[in-house]
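Peer 1: There's a structure below that I have some questions on.
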Amino acid sequence: MLLAVLISNSEGNILTERFNGVPAEERSHWRCFLVKLGADNLKGARNEELFVASHKSVYVVYTMIGDVYLYVVGKDEYDELALAEVIFIITTSIRDVCQKPPTERLFLDKYGRICLCLDEIVWKVVLENTEKERINRLISLKPPTPV
Amino acid sequence: MAQPLVKKDDDRDDEAEYSPFLGIEKGAVLQEARVFNDPQLDPRRCSQVITKLLYLLNQGDSFTKVEATEVFFSVTKLFQSKDLGLRRMVYLIIKELSPSADEVIIVTSSLMKDMNSKTDMYRANAIRVLCRITDGTLLTQIERYLKQAIVDKNPVVASAALVSGIHLLQTNPEIVKRWSNEVQEAVQSRAALVQFHALALLQQIRQNDRLAVSKLVTSLTRGTVRSPLAQCLLIRYTSQVIRESPNTHTGDRPFYDFLESCLRHKAEMVIFEAARAITELSGVTSRELTPAITVLQLFLSSSKPVLRFAAVRTLNKVAMTHPMAVTNCNIDMESLISDQNRSIATLAITTLLKTGNESSVDRLMKQITNFMSDIADEFKIVVVEAIRSLCLKFPLKYRSLMNFLSNILREEGGFEYKKAIVDSIVILIRDIPEAKESGLLHLCEFIEDCEFTYLSTQILHFLGIEGPKTTDPSKYIRYIYNRVHLENATVRAAAVSTLAKFGAMVDALKPRVFVLLRRCIFDSDDEVRDRATLYLNTLGGDGEVVETNKDAKTFLFGALDIPLVNLETSLKNYEPSEAPFDIDSVPKEVKSQPLAEKKAPGKKPTGLGAPAAGPPSTVDAYERLLSSIPEFSDFGKLFKSSAPVELTEAETEYAVNVVKHIFDRHVVFQYNCTNTIPEQLLENVSVIVDASEADDFTEVASKPLRSLPYDTPGQTFMAFEKPEGITAVGKFSNVLRFIVKEVDPTTGEVEEDGVEDEYQLEDLEVVAADYMMKVGVANFRNAWESMGDDFERVDEYGLGPRESLAEAVSAVINLLGMQPCEGTEVVATNSRSHTCLLSGVFLGNVRVLARLQFGIDGSRGVAMKLAVRSEDEAVSDAIHEIVSCG
C-alpha cells in the first residue's frame, strides 16, 4: 500500500501531505524522518534525480523538483519501483501545472491544481492514474482522450 | 537607466519570497467561506477559498466539528454552479472534510444526481466521493449503479468504481463480493488502467479461494495484459499460486516459463518483478536462478538509482541462501561501494561479505575501512553484523576482522552501534578460542573510555566469566579495578562482582583480590559496599591462597534460573513479615509471548544481551484465585497453568476459553465464560465434562458460576484427580449448561422465569506438554555438562516422511513443550541435518535438558536421535515415552 505522499520546501516545511493507514501518532515521526532524509541527501541534487531508501519492510523514494522536495512511502506491492512510478507522475504533473520546475511561490500559486492532480494520482492507498495528459484533463472535468 | 531594472529585480525577489498564503488564518478563511452561500456564485472566488481551506487542512490545522460541518453545508450549495473547475474542487473538498464533519450524508442526493448524470466526469467523481462517505445501508442503495459503472465504456468511470470497490471491500466485503462477474468482465478491458484496477480487485475478492485465483492466473498468463502495473500484479499472484501448489518434485515447475518470459518484457518494472519472483521460489535451483541473476546483474550498472537499489537488495537476499549464484556479480557490486546512495553501497558491501571467499577478505576490509567513515550508524550496524558472520565463516581470518572491529570501536558512534560491535566481539570470543585473549583485551581497552554504563557492566560481567580461564588472568585486574575508581556506582558495583569472580576462580590471585575488595567497603554507594562485604564473606579463606568452595562458586557463577519478571512480581507481592522471602516460591515458567512478538523475525544471535524478559506473570494471580476456592485448597502447590485455550469460535453468543492448572495429583480446568448477548442473563452456569476418553482422570469437584450477566466475564471450574507422577493424557468433551433469563436491555429488568439450555463447546485435551514448564538456560553446554550423564537416556526414532526438517523440529518441540535454547528452534533452509537444544522443568520440579539431532533423507524421511539428561531417571524415561507415543 501507498503509505504517504509528502511535499515540503527545501527547509523542511510541509507544503502538503497525505498519509494512508499511518496512525496519527506516528505521522510526526514520519514527517521528521523524511524531512531529515531530504536535508541529508537532496541538497545539491539534480532536478528529479531519484533517491531511494528502505527501512524494514517500508520503502521511501524521494526527489526534488525546483525548490520543492517530494517523498513517497510505500510497502508490499508499492516497492521501490512502483514508488518510482508514482513519484515520476507526481513530478511530471507538478512540472506541467507550473510549466517549469517550481519555486516555492509558484508551487503555492498553483496549489489548488496540484491538490487536484494528487487527488487524481493517488486515492488513499492506491495509485489511480499514471498519464500526465489524462490527469490534466481529469482535473478540469474533461473526459480523457479515448484509449 | 539601471534604476528601473534593479527595481524590477527587487519586485521579482519579493514575489518569489512571499507565499500567497502568507498570514493565512483559519477564522478569516471560514468567514470568507460565506461566499459559498451567495445567491450569485463567483466560481473563481469560490475556488480560491476552497484552495485556502485545502491548504489549511494540509498544514494540519484542525477544524472543530461545528466548523467542519458548517463549511461542509456551505460547500454543498456549490452544486448549483455549472462551472467545471469549481465542481472538481467541490468533489475534492468534500472528501477532505468528510472525516471531520457531521451529517455528511446530506450531500448524498446531490452526488446521486451526479452519479446518474450524462456527463461521464461527473459520474466518475461522484462515485469516488460517494464511496468515501458511504455506509452499508447507502451502499446497498447505490450498488446497482456501481455495478453498471464497473463495466462502463468510459474507462475513468470504470476505474473510479473499481478503485472504490477496493476500498469498500475492507468495510463491506459481502456486498463487493457480489460484483465479481462485472469485475471479471472489466479484467478483459482494453483500457490498461481498468485492467490493472480490476485485476487487483478480483484477486482480493477471490483471495480465499485458491482454485479461483489459480484459474485467474492461468487464463491471464495465456492472454494479454496491457499495462506493466497489471503485469506486475499478475507476477505476484502467480508466485502465490506457485507457493500454494503442492510440490511435485518432478518435471518443470508450473508457471516458471511465464516468469522466465517476463524477464524479456520491455518494462523494467516487470523484468525486476519476475526476477525477484524467481529468486523467491522455494527450493529454487541454480538453473532456474541463472536468468534472473543475469538481469539483476544488468540492473546493477543502471543509471537509475532505484533500479540499482532494487537489484542489489534482491541479490543481497539471494546471497543468504545461494551465495555461489551471486558471485558472478561481485565485480559489479564492488563498483557500487562508491555509490552516492549509501543504502546501495551498504547493501553492496554486505552482499560482498556474504559471497566473498577467504582470499578476498583482506581486500574487502580495506575498502570497507574507507567506507565506514562516511555512513550513518544504522548502516554501520548492518556492516558490523555482516562482518561477524564472515568471521564465523572464515575463523582463520579472525585476526584482521577482530582488528577491524576494535578499530571501529574506538571511533565515534552511538549506543546501538557500539553495542553491535561489542556483541560481535563477544560472539567471536565464544566461538573462536584463538580470538579470546585479543578480544578480551580489546574489550578492556574499550571500557577504559566507555560512555555507556550498560555496555561497561555487561563487559565486566563477561570478563568475570571468561577472564579467569585465560593463561594470564592477572593482566585484566588493572582494567577492572580502574572502574572502581573512575566510574559511576552501577559500573563500580559490576566491577566488584567481577573482581570476586577472579578471586574465586584463580586461587593465586585471591589475596590481592581481597585487598582490593576491602578497599571497596569504604565506597560511597550502598550497593558497592554491600557487594564487597558479601563477596569477602562468601569467598572465605580470609585472603589466603586456598581453593574456593563449591557453594561459593555456584553462588557466583550459577545462572539465575528464574525469569526476572516472575521474581519482580513475587517480590512486589511479598508482604513484610517474620517469614523471610522464599526464592523457591517464585514460579519458573516463561510465559508465552504475545502474538505480535511471536511474529517478529527470527532471533539474531545474542551477544551480551540478557535474555528477553517476558510479559508480567499471571501465575501468581491464578495461584491466589485457586487457593481462595475451598474445594481446591488441599491440592498442594500449583505447578503450571496453561495459556487459555479457546473452546468457542470468535464472535459466537457465548465466548468460553479454558486454562489448565496442573497440580501433582490434580488437574483443574478453569472455564472463562463471557455472555455476549445484551438481552440475556445466564444463571447456574457450569460445564458438563465427559471424560470417557481420559481414563486416568476421575472427577472430584466442580464449582458452578451463579450468574453471568452480559459482557462481564465469570469463571466456572472442574477438578480431576490423576495418579501422582504420571503424565496422564486424555480428551475431554465439554457442554456449557445454564439457565437463561430474558433481560430488557433498556431498563435492565430481568424476567423471573428462565429456561434451561445447553451450548456445545469444543473438546479439550490434556497432553504431555502440559506437565512441562518452559524454563530456558543461559548456556546450554554448561548446563548439560553440570547435569552429568547419570540419568542420561539416548535413543533413536524414525519420524517418517515429513513436509520439511523445520516442520519435524517444530512438531517435536511442541510435543515436549520445552524451551528451545540458543535459537536452535530455527532450521536453516535446505539443510539436511539440525541439532536442537531444549530445556524445561518437569512435573515435580525436575530439571530436564534434551539434545535432539535430526536428519532428513532424499525421500523426506526424518530420523531423530534424542539424548535426555535430567535430575531423575524416571523423568528421562518419561520424556522418551512421550516421544515414542507422540
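The values are calculated or read from the model by the stated rules, or taken from the named source; none is laboratory data. Computed from a prediction, not measured in an experiment: that's the story for all the values here. For neighbour counting, all protein chains shown are included, and Cβ atoms are generated from backbone atoms with ideal geometry for every residue, glycine included.
Peer 1: Determine the pairs where a residue that is touching a residue at least 40 places away in the same chain (Cβ under 8 Å) and under 13 Å from residue B:804 (Cβ atoms), located within region B:825-854, has a partner that is of a type in the set (Gly, Ala, Ser) and surrounded by 14 or more Cβ atoms within 10 Å (Cβ to Cβ) with Cβ atoms under 7 Å apart, the partner being 6 or more residues away or on another chain.
Peer 2: Within 7 Å, the pairs are B:854/B:808.
Peer 1: Identify, please: which residue in region B:56-72 is in a helix (DSSP H, G or I) and under 38 Å from the mean Cα position of the chain (by Cα) and is, among those, nearest to the other protein chains (Cβ to nearest Cβ)? Please lay out each step first, then the result.
Peer 2: Step one: list which residues in region B:56-72 are in a helix (DSSP H, G or I), which gives B:56-58, B:65-72.
Now narrow it down to the ones that are under 38 Å from the mean Cα position of the chain (by Cα): B:56-58, B:65.
Details: B:56: 11, B:57: 9, B:58: 4, B:65: 17 Å.
Looking at the filtered set, the residue picked out is B:58.
Peer 1: Residue B:181 - would you say it is within 13 Å of another protein chain (Cβ to nearest Cβ) and closer than 29 Å to residue B:111 by Cα?
Peer 2: On the way: within 13 Å of another protein chain (Cβ to nearest Cβ): no; closer than 29 Å to residue B:111 by Cα: yes.
So residue B:181 fails the test.
Peer 1: Let me ask something else. Give the number of residues within region B:354-390 that are under 29 Å from residue A:33 (Cβ atoms), crowded, with 19+ Cβ neighbours inside 10 Å and at pLDDT below 80.
Peer 2: Within region B:354-390, residues that are under 29 Å from residue A:33 (Cβ atoms), crowded, with 19+ Cβ neighbours inside 10 Å and at pLDDT below 80 number 2.
Peer 1: Test residue A:109 against the stated conditions and say whether it is within 8 Å of chain B (Cβ to nearest Cβ), farther than 15 Å from residue A:20 by Cα and surrounded by fewer than 20 Cβ atoms within 10 Å (Cβ to Cβ). Reasoning before the result, please.
Peer 2: On the way: within 8 Å of chain B (Cβ to nearest Cβ): yes; farther than 15 Å from residue A:20 by Cα: yes; surrounded by fewer than 20 Cβ atoms within 10 Å (Cβ to Cβ): yes.
Considered against the rule, which asks whether it is within 8 Å of chain B (Cβ to nearest Cβ), farther than 15 Å from residue A:20 by Cα and surrounded by fewer than 20 Cβ atoms within 10 Å (Cβ to Cβ), residue A:109 comes out as yes.
Peer 1: What's the total number of residues in region B:95-104 that are in a loop (DSSP other than H, G, I, E, B) and hydrophobic (A, V, I, L, M, F, W, C)? I'd like the intermediate steps shown before the answer.
Peer 2: Pass one, region B:95-104, residues in a loop (DSSP other than H, G, I, E, B): B:98-103.
Next, only the ones that are hydrophobic (A, V, I, L, M, F, W, C) stay: B:101.
Final tally of qualifying residues: 1.
Peer 1: Being surrounded by 16 or more Cβ atoms within 10 Å (Cβ to Cβ) and under 13 Å from residue B:166 (Cα atoms), is that true of even one residue in region B:207-218?
Peer 2: No: zero hits.
Peer 1: Give the number of residues within region B:481-516 that are farther than 21 Å from residue B:540 by Cα and modelled with pLDDT of 90 or more. Show your work before the answer.
Peer 2: Going through region B:481-516, the residues farther than 21 Å from residue B:540 by Cα turn out to be B:482-492.
Going one step further and asking which of them are modelled with pLDDT of 90 or more, we end up with B:482-483, B:488-492.
The number of residues fulfilling the criteria is 7.
Peer 1: Could we say that residue B:494 is touching an Asp or Glu at 6+ places or on another chain (Cβ under 8 Å), part of a helix (DSSP H, G or I) and buried (at least 21 other Cβ atoms within 10 Å of the Cβ) here? First the steps, then the outcome.
Peer 2: Working: touching an Asp or Glu at 6+ places or on another chain (Cβ under 8 Å): no; part of a helix (DSSP H, G or I): yes; buried (at least 21 other Cβ atoms within 10 Å of the Cβ): yes.
No; evaluated as a whole, the condition is false for this residue.
Peer 1: Find the residue count for region A:17-53, including only residues that are within 10 Å of chain B (Cβ to nearest Cβ) and in contact with a Ser or Thr (Cβ under 7 Å, 6 or more places away or on another chain).
Peer 2: Qualifying residue count, region A:17-53: 5.
Peer 1: Can residue A:63 be described as touching a helix residue (DSSP H, G or I) at 6+ places or on another chain (Cβ under 7 Å), buried (at least 16 other Cβ atoms within 10 Å of the Cβ) and more than 9 Å from chain B (Cβ to nearest Cβ)? Walk me through it before giving the result.
Peer 2: On the way: touching a helix residue (DSSP H, G or I) at 6+ places or on another chain (Cβ under 7 Å): yes; buried (at least 16 other Cβ atoms within 10 Å of the Cβ): yes; more than 9 Å from chain B (Cβ to nearest Cβ): yes.
For residue A:63, the condition - touching a helix residue (DSSP H, G or I) at 6+ places or on another chain (Cβ under 7 Å), buried (at least 16 other Cβ atoms within 10 Å of the Cβ) and more than 9 Å from chain B (Cβ to nearest Cβ) - is met.
Peer 1: Could you pull out the residue among B:169, B:78, B:162, B:92 that is farther than 30 Å from residue A:31 by Cα, within 12 Å of chain A (Cβ to nearest Cβ) and either of a type outside the set (S, T, N, Q) or in a helix (DSSP H, G or I) (or both)?
Peer 2: Numbers: B:169 fails: farther than 30 Å from residue A:31 by Cα; B:78 fails: within 12 Å of chain A (Cβ to nearest Cβ); B:92 fails: farther than 30 Å from residue A:31 by Cα.
So the residue among B:169, B:78, B:162, B:92 that is farther than 30 Å from residue A:31 by Cα, within 12 Å of chain A (Cβ to nearest Cβ) and either of a type outside the set (S, T, N, Q) or in a helix (DSSP H, G or I) (or both) is B:162.
Peer 1: Please specify each residue of region A:69-79 satisfying the condition of being surrounded by 22 or more Cβ atoms within 10 Å (Cβ to Cβ) and within 13 Å of chain B (Cβ to nearest Cβ). Step through it out loud before you land on a result.
Peer 2: First, pick out the residues of region A:69-79 that are surrounded by 22 or more Cβ atoms within 10 Å (Cβ to Cβ): A:69-74, A:78-79.
Within region A:69-79, A:72, A:74, A:78, A:79 meet the criteria.
Peer 1: Let me confirm something: among B:119, B:140, which residue is within 12 Å of chain A (Cβ to nearest Cβ) and surrounded by fewer than 19 Cβ atoms within 10 Å (Cβ to Cβ)?
Peer 2: B:119
Peer 1: Still on this structure, I have one more. Among the numbered criteria (1) within 10 Å of chain B (Cβ to nearest Cβ); (2) touching a residue at least 40 places away in the same chain (Cβ under 8 Å), which single criterion is violated by residue A:101?
Peer 2: Residue A:101 satisfies every listed condition except (1).
Peer 1: Also, quick follow-up: Starting from residues that are at the interface with another protein chain (Cβ under 8 Å from one of its Cβ atoms) and either in contact (Cβ under 8 Å) with a residue 24 or more places away in the chain or not in a helix (DSSP H, G or I) (or both), keep the ones in region A:112-124 and report whichever is farthest from residue B:124 (Cα to Cα). Show your work before the answer.
Peer 2: At the first step, the residues of region A:112-124 found to be at the interface with another protein chain (Cβ under 8 Å from one of its Cβ atoms) are A:112, A:115-116, A:119, A:123-124.
Then keep just the ones that are either in contact (Cβ under 8 Å) with a residue 24 or more places away in the chain or not in a helix (DSSP H, G or I) (or both); that gives A:115, A:123-124.
Numbers: A:115: 18, A:123: 13, A:124: 16 Å.
Going through the qualifying residues, I end up with A:115.
Peer 1: Which members of region B:518-546 meet the condition of being modelled with pLDDT of 85 or more, in a loop (DSSP other than H, G, I, E, B) and surrounded by 14 or more Cβ atoms within 10 Å (Cβ to Cβ)? Steps first, answer last, please.
Peer 2: In the first step, residues of region B:518-546 are kept if they are modelled with pLDDT of 85 or more; the result is B:518-537.
Checking the rest, the ones that are also in a loop (DSSP other than H, G, I, E, B) come to B:521-525.
Those that are modelled with pLDDT of 85 or more, in a loop (DSSP other than H, G, I, E, B) and surrounded by 14 or more Cβ atoms within 10 Å (Cβ to Cβ): B:521, B:523, B:525.
Peer 1: Name the helices (runs of 4 or more DSSP H) wholly inside region B:188-273 in which the number of residues that are among the hydroxyl-bearing types (Ser, Thr, Tyr) and more than 14 Å from chain A (Cβ to nearest Cβ) is 3 or more. Give the derivation first.
Peer 2: Working: elements: B:192-205, B:210-222, B:228-244, B:256-262.
The helices (runs of 4 or more DSSP H) meeting that bar are B:210-222.
Peer 1: Given the condition at pLDDT below 90, over 19 Å from residue B:512 (Cα atoms) and not small (Gly, Ala, Ser), answer yes or no: does some residue in region B:453-464 qualify? Outline the logic, then answer.
Peer 2: Taking region B:453-464 and keeping what is at pLDDT below 90, we get none.
Scanning region B:453-464 turns up no residue that is at pLDDT below 90, over 19 Å from residue B:512 (Cα atoms) and not small (Gly, Ala, Ser).
Peer 1: Residue check, residue B:393 against (1) surrounded by fewer than 18 Cβ atoms within 10 Å (Cβ to Cβ); (2) within 14 Å of another protein chain (Cβ to nearest Cβ), all met but one. Which one?
Peer 2: All conditions pass for residue B:393, except number (2).
Peer 1: Then there is this: If I ask for residues that are over 25 Å from the mean Cα position of the chain (by Cα) and buried (at least 23 other Cβ atoms within 10 Å of the Cβ), which ones from region B:313-340 would you list?
Peer 2: B:326, B:329, B:333, B:336 - these are the residues of region B:313-340 that are over 25 Å from the mean Cα position of the chain (by Cα) and buried (at least 23 other Cβ atoms within 10 Å of the Cβ).
Peer 1: Taking residue B:340 and the conditions (1) at pLDDT below 85; (2) touching a Pro at 6+ places or on another chain (Cβ under 6 Å); (3) closer than 24 Å to residue A:59 by Cα, which numbered condition does it fall short on, given that it satisfies the others?
Peer 2: Status for residue B:340: all satisfied but (2).
Peer 1: For the structure I just gave you, tell me whether residue B:719 is touching a strand residue (DSSP E or B) at 6+ places or on another chain (Cβ under 9 Å) and over 22 Å from residue B:655 (Cα atoms).
Peer 2: Details: touching a strand residue (DSSP E or B) at 6+ places or on another chain (Cβ under 9 Å): yes; over 22 Å from residue B:655 (Cα atoms): no.
No, not satisfied.
Peer 1: Restricting to region A:125-147, name every residue that is without any contact (Cβ under 8 Å) to a residue 40 or more places away in the chain, more than 8 Å from every other protein chain (Cβ to nearest Cβ) and of a type in the set (Asp, Glu).
Peer 2: Once the filter is applied, which keeps residues that are without any contact (Cβ under 8 Å) to a residue 40 or more places away in the chain, more than 8 Å from every other protein chain (Cβ to nearest Cβ) and of a type in the set (Asp, Glu), region A:125-147 yields only A:133.
Peer 1: Could you please tell me which pairs satisfy a Cβ distance under 8 Å, a separation of 6+ or placement on different chains, a first residue in region B:773-798 that is at negative phi, and a second residue that is of a type in the set (Lys, Arg) and surrounded by fewer than 18 Cβ atoms within 10 Å (Cβ to Cβ)?
Peer 2: What qualifies is B:794/B:865; B:795/B:865; B:796/B:865; B:797/B:865.
Peer 1: Where the second residue is of a type in the set (Ser, Thr, Tyr) and the first is surrounded by 17 or more Cβ atoms within 10 Å (Cβ to Cβ) and lies in region B:73-86, which pairs have Cβ atoms under 8 Å and are six or more apart or on separate chains?
Peer 2: B:76/B:110; B:79/B:110; B:85/A:140; B:85/B:47; B:86/B:47
Peer 1: Mind listing whichever residues of region B:693-727 are at pLDDT below 85, closer than 21 Å to residue B:757 by Cβ and out of contact with any Asp or Glu (no Cβ under 7 Å at 6 or more places or on another chain)?
Peer 2: Correct list: B:709, B:710, B:711, B:712, B:713, B:714.
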